[in-house]
Amino acid sequence: MAEAANLLGISDDTMRRLVESEGMAGQDASGRRVVDGADLAALAQRRAHQVEDPSGVRRSARNRLVGLVTSVTSDKVMSQVELQCGPARIVSLMSTEAVEELDLKPGDLAVAVIKSTMVTVETPR
């Protein structure tokens with residue numbers, strides 16, 4: 001239960017209440033209460049809060065994460081911009097010229113648009 005709660009970013013007590021209300025609890029060989037991974041994934045999707053994209057721009061990229069700029073580190077040519085998008089920390093490297101044109105600074109609302117042909121997925125051992 002604690003691991004499932006951690007994955008959803010909620011307390012153990014909240015996880016237990018959700019499991020009870022959703023009827024998702026099972027038991028392992030030791031008699032501990034467990035939650036099936038597929039059930040947990042479905043619960044995570046139902047509880048996901050998608051922040052509305054404030055830009056009003058239509059685009060083909062499906063991976064848009066709305067968040068707050070938390071840090072901007074710039075030199076003469078390049079900048080590193082960090083956003084906090086829900087529980088995800090997104091880091092973007094872009095030209096300092098782009099940062100200046102967008103007037104990016106900590107506390108600004110921004111949208112990270114991710115369009116990639118390669119995404120690496122890893123699992124624990």
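The values are calculated or read from the model by the stated rules, or taken from the named source; none is laboratory data. Not measured: the values here are computed from a predicted model. Using ideal geometry, Cβ is built from the backbone for each residue, glycine included, and neighbour counts are taken over all protein chains shown. Areas reflect the complete protein model, heavy atoms only, side chains present, ligands, DNA and RNA absent. Shrake-Rupley method; radii C 1.70, N 1.55, O 1.52, S 1.80 Å.
Cβ under 14 Å from Asp53's Cβ, Asp53 left aside: what net charge do those residues give with Lys, Arg +1 and Asp, Glu -1?
Value of the local net charge: +3.
What length, rounded to one decimal in nm, is gained on full extension from Ser116 through to Asp28, with 0.36 nm per residue of separation minus their alpha-carbon distance?
27.8 nm
Leaving out ligands and nucleic acids, and using a 1.4 Å probe, what accessible area per residue does the chain come to in Å²? Write down the numbers at each step before the final one.
Numbers: 9490 Å² over 125 residues.
That works out to 76 Å² per residue.
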> To the nearest 0.05, how large is the calculated FRET efficiency for Glu20 and Thr123 if R₀ is 30 Å and r is the Cβ-Cβ distance?
Replying inline: 0.60
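Per the 1.4 Å probe, what fraction of the accessible area of the chain, in percent, lies on carbon and sulfur atoms? Walk me through the intermediate numbers first.
Details: 4810 of 9490 Å².
Of the solvent-accessible surface of the chain, carbon and sulfur hold 51 percent.
Note the full-extension length gain between Glu3 and Arg46 as 0.36 nm times their separation in residues minus their Cα-Cα distance, in nm to one decimal. Provide the component values of the computation, followed by the final result.
Values: separation 43, 0.36 × 43 = 15.48 nm, distance 1.84 nm.
Full extension from Glu3 to Arg46 adds 13.6 nm.
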> What are the ³J(HN,Hα) values, in whole Hz, obtained from phi via the Karplus relation 6.51 cos²θ - 1.76 cosθ + 1.60 with θ = phi - 60°, for each residue of region 49-54 in sequence order, with x given for Gly and Pro?
Replying inline: 10, 8, 6, 5, 5, x
>> Which one, Ala48, Ala29, Ala38, has the greatest fluctuation when you compute a Gaussian network model over the chain with C-alpha springs under 10 angstrom?
In response: Ala29
>> Tell me the angle of helix 12-22 to the major Cα principal axis of the chain, expressed in degrees between 0 and 90 and rounded to the nearest ten.
In response: 70 degrees
> Do the sum for the chain: with -39,500 (n - 2.57) for every DSSP H run of n ≥ 4, divided by all residues, what is the mean residue ellipticity at 222 nm, to the nearest 500 deg cm²/dmol?
Replying inline: -8000 deg cm²/dmol
> Over region 59-100, what relative contact order in percent results from Cα pairs under 8 Å that are six or more residues apart?
Replying inline: 32 percent
>> Under 10 Å, Cα contacts only: if you run a Gaussian network model on the chain, which one of Leu83, Leu43, Leu68 comes out with the highest mean-square fluctuation?
In response: Leu43
>> Quick check for me: using +1 on Lys/Arg Cβ and -1 on Asp/Glu Cβ, what's the dipole size of region 48-100 about its Cα centre, in debye to the nearest 20?
In response: 280 debye
